[in-house]
Amino acid sequence: METEEEASGQMTDEIYTNGGEDEPLQQQQQRRPIISGEQLDIEAYAALYTGRTKISRLIFIADKCGNVSMQLEALRMAYDEIKKGENTQLFREVVHKIDGRLGPNYSADSSWMDAVDRRADQRKEKLENELNAYRTNLIKESIRMGYNDFGDFYYSHGALGDAFKNYVRTRDYCTTAKHIIHMCLNAILVSIEMGQFAHVTSYVSKAEQNKNDLDPITIAKLQCAAGLAHLEAKKYKHAARKAKVIDNINFRNFLELVPEVRELIHDFYSSHYASCLDYLGNLKANLMLDIHLHDHLEILYTEIRNKALIQYTHPFVSVDLNMMANAFKTTVVGLQKELEALITDNQIQARIDSHNKILYARHADQRKATFQRVLQTGVEFDRDVRAMLLRANLIKHEFNLKASRKI
């Protein structure tokens, strides 16, 4: 886990450097953005990640990409990355996917796998002996470290379930808030890779209970993990908010790394919907290769388009569908069907003149609504006054006292 934190810190520093103000403008312009409408630069994309996360993303790209050259490039990079570690099971899977298409240098390396498995058996035996000795001596800190080492061991070999169990077992031997936070971060990391996002939410909450011991980097990691959990739960408003993107000065530095994303966000909030939707269309192919986002992309694209349609119609009493269709670069017939669906779903309060192709807003009669509220307030006031007078008379004639005496 320490290695993962160091790698994360290095990656953050690198991103800040790439998007910093001190870098010459010419170099910023020459750099090719990682996420753009062009074909995905796999090498640049993979350079943002390390370890198992990097391998998982490369394999996902290979599985989802329809371009054979991109697929083989992703598998080649995954093969090379796996051989830096100890996960022989994942190595076999990648070799099977390559299926000899990259030549003899990317085939099943039996000697490497045997050597790794042999070392793994020796390492496991050593860890078991150490942990048994710690248990016998009842040294809490040593037992915690022993389980943590076992978790690291299983994680490096791809046994995520066993890794999670051992990381969680350290909880009974944590003596400080930092130990608990470390345990939560390990559990979150493994839970994300297993797709168990209920665990992610739970351990993010546990870690956040120790606010005084959280440093800025750890807080950022927990917020990212919570964002992923909200995304998987389809709670998109919780996953990302305008205040944390457009209005956040610190986040703007990151948007400079992805100019197309920056422009589409600004176009949306500036009501330049056609340009915004064009940017989204250009980015879609590459976003479909994102391991977390791909399942939600169609829903998000539909929601963004619907939101744009709603915002476009909101200020007007009537809208010419021909002009609106031009603004959204679509046909009048297609636009009418979209608006009908939004009206039926009660997201737009309007009616459509199909003959003249005009949308008329159904704005509430403010004068009538005001009179209704005044009348309702009068009825409630009259009821309250009558109730108070009744209570005053009951007290005046000691009705309550007489009733209690009879009882």
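Restrict the check to the stretch 103-112 and report whether at least one residue is modelled with pLDDT of 90 or more, within 21 Å of His157 (Cβ to Cβ), open to solvent by 50 Å² or more (accessible area, probe 1.4 Å) and within 35 Å of the chain's Cα centre (by Cα). Can you show your working first?
Of all residues in the stretch 103-112, those modelled with pLDDT of 90 or more come to 103-112.
After this cut, where a residue has to be within 21 Å of His157 (Cβ to Cβ) as well, the list is 108-112.
Subset that is open to solvent by 50 Å² or more (accessible area, probe 1.4 Å): 108, 110-111.
Checking the rest, the ones that are also within 35 Å of the chain's Cα centre (by Cα) come to none.
No, the conditions are met nowhere in the stretch 103-112.
When the stretch 333-389 is examined, which residues are found to be out of contact with any helix residue (DSSP H, G or I) (no Cβ under 8 Å at 6 or more places or on another chain) and of a type in the set (Gly, Ala, Ser)?
Within the stretch 333-389, Ala341, Ala364, Ala369, Gly378, Ala387 meet the criteria.
What residue, among those in the stretch 294-348 that are within 30 Å of Leu228 (Cβ to Cβ) and polar (S, T, N, Q), is least open to solvent (accessible area, probe 1.4 Å)?
Per the stated criteria, the residue is Asn306.
Would you tally the residues in the stretch 225-258 being at pLDDT below 90 and either hydrophobic (A, V, I, L, M, F, W, C) or in contact with a strand residue (DSSP E or B) (Cβ under 8 Å, 6 or more places away or on another chain) (or both)?
11
Here's the yes/no breakdown for (1) closer than 13 Å to Leu321 by Cβ; (2) under 38 Å from the mean Cα position of the chain (by Cα):
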{"site": "Gln336", "(1), (2)": "yes, yes"}
{"site": "Asn346", "(1), (2)": "no, yes"}
{"site": "Ala350", "(1), (2)": "yes, yes"}
{"site": "Arg367", "(1), (2)": "no, no"}
{"site": "Arg373", "(1), (2)": "no, no"}
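Could you tell me which residue of the stretch 357-385 is modelled with the highest pLDDT, considering only residues that are under 30 Å from Ile310 (Cα atoms) and of a type in the set (Lys, Arg)?
So, considering only residues that are under 30 Å from Ile310 (Cα atoms) and of a type in the set (Lys, Arg), the one modelled with the highest pLDDT is Lys357.
Only residues in the stretch 31-46 that are within 15 Å of Ala74 (Cα to Cα) count as the first member; pair them with residues that are modelled with pLDDT under 60 and exposed (fewer than 15 other Cβ atoms within 10 Å of the Cβ), Cβ under 8 angstrom, at least 6 apart or cross-chain, and list the lot.
Asp41/Arg32; Ala44/Arg32
Residues in the stretch 69-89: is at least one open to solvent by 40 Å² or more (accessible area, probe 1.4 Å), over 26 Å from the mean Cα position of the chain (by Cα) and among the aliphatic types (A, V, I, L, M)? I'd like the intermediate steps shown before the answer.
Applying the first criterion (open to solvent by 40 Å² or more (accessible area, probe 1.4 Å)) to the stretch 69-89 yields 69, 71, 73, 76, 80, 83-84, 86, 89.
With over 26 Å from the mean Cα position of the chain (by Cα) added as a condition, the list becomes 69, 73, 76, 80, 83-84, 86, 89.
Checking the rest, the ones that are also among the aliphatic types (A, V, I, L, M) come to none.
Scanning the stretch 69-89 turns up no residue that is open to solvent by 40 Å² or more (accessible area, probe 1.4 Å), over 26 Å from the mean Cα position of the chain (by Cα) and among the aliphatic types (A, V, I, L, M).
With respect to Glu125, is the statement that it is part of a helix (DSSP H, G or I), of a type outside the set (S, T, N, Q), open to solvent by 70 Å² or more (accessible area, probe 1.4 Å) and over 17 Å from Gly158 (Cβ atoms) true? Before you say what the answer is, go through the steps one by one.
Values: part of a helix (DSSP H, G or I): yes; of a type outside the set (S, T, N, Q): yes; open to solvent by 70 Å² or more (accessible area, probe 1.4 Å): yes; over 17 Å from Gly158 (Cβ atoms): yes.
Considered against the rule, which asks whether it is part of a helix (DSSP H, G or I), of a type outside the set (S, T, N, Q), open to solvent by 70 Å² or more (accessible area, probe 1.4 Å) and over 17 Å from Gly158 (Cβ atoms), Glu125 comes out as yes.
Would a scan of the stretch 299-315 turn up a residue that is within 19 Å of the chain's Cα centre (by Cα), farther than 24 Å from Leu359 by Cα and free of Cβ contacts under 8 Å to residues at least 60 places away in the same chain? Even if it seems obvious, please write down each step before you answer.
Here is the first cut: in the stretch 299-315, the ones within 19 Å of the chain's Cα centre (by Cα) are 299-304.
Still in the running and farther than 24 Å from Leu359 by Cα: 299-300.
From the residues that got through so far, the ones that are free of Cβ contacts under 8 Å to residues at least 60 places away in the same chain too are none.
Within the stretch 299-315 (the criterion being within 19 Å of the chain's Cα centre (by Cα), farther than 24 Å from Leu359 by Cα and free of Cβ contacts under 8 Å to residues at least 60 places away in the same chain), the answer is no, since none of the residues qualifies.
In this structure, does Thr201 turn out to be assigned to a loop (DSSP other than H, G, I, E, B) and open to solvent by 20 Å² or more (accessible area, probe 1.4 Å)? Please lay out each step first, then the result.
Numbers: assigned to a loop (DSSP other than H, G, I, E, B): no; open to solvent by 20 Å² or more (accessible area, probe 1.4 Å): yes.
When the stated conditions are applied, Thr201 does not pass them.
How many of the residues making up the stretch 210-231 are in contact (Cβ under 8 Å) with a residue 24 or more places away in the chain and outside any helix (DSSP H, G or I)?
Result for the stretch 210-231: 2.
Collect the residues in the stretch 122-139 that are over 37 Å from the mean Cα position of the chain (by Cα) and closer than 18 Å to Glu86 by Cα, keeping them in residue-number order.
Gln122, Glu125, Lys126 - these are the residues of the stretch 122-139 that are over 37 Å from the mean Cα position of the chain (by Cα) and closer than 18 Å to Glu86 by Cα.
Hey, could you check the stretch 140-166 for residues that are of a type in the set (Lys, Arg) and surrounded by fewer than 17 Cβ atoms within 10 Å (Cβ to Cβ) and say which is nearest to Gly85 (Cα to Cα)? If you could, list the steps in order and put the result at the bottom.
Residues of the stretch 140-166 that are of a type in the set (Lys, Arg), as a first pass: 140, 144, 165.
Still in the list and also surrounded by fewer than 17 Cβ atoms within 10 Å (Cβ to Cβ): 140, 165.
Details: Lys140: 30, Lys165: 21 Å.
Among those residues, the one meeting the criterion is Lys165.
Taking interchain pairs and intrachain pairs at least six residues apart, which have beta carbon atoms under 6 angstrom, with the first residue in the stretch 152-168 and on the phi > 0 side of the Ramachandran plot and in contact (Cβ under 8 Å) with a residue 24 or more places away in the chain and the second buried (at least 19 other Cβ atoms within 10 Å of the Cβ) and small (Gly, Ala, Ser)?
Correct list of pairs: empty, since none qualify.
Could you check how many residues of the stretch 178-198 are open to solvent by 70 Å² or more (accessible area, probe 1.4 Å), part of a helix (DSSP H, G or I) and not basic (Lys, Arg)? Reasoning before the result, please.
Restricting attention to the stretch 178-198, the residues satisfying the condition of being open to solvent by 70 Å² or more (accessible area, probe 1.4 Å) are 178, 196, 198.
If we keep only those that are part of a helix (DSSP H, G or I) too, we end up with 178, 198.
When the remaining residues are screened for being not basic (Lys, Arg), the result is 198.
So the count comes out to 1.
Counting only residues that are open to solvent by 90 Å² or more (accessible area, probe 1.4 Å) and of a type outside the set (A, V, I, L, M), how many does the stretch 366-381 have?
8
The values are calculated or read from the model by the stated rules, or taken from the named source; none is laboratory data. In this text the structure is predicted, and so the values were computed from the model without any measurement. Reconstructed Cβ throughout: ideal geometry from the backbone, glycine too, with neighbour counts over all protein chains shown. Just the protein is used for accessible areas: all its heavy atoms, side chains included, with ligands, DNA and RNA removed. Shrake-Rupley method; radii C 1.70, N 1.55, O 1.52, S 1.80 Å.
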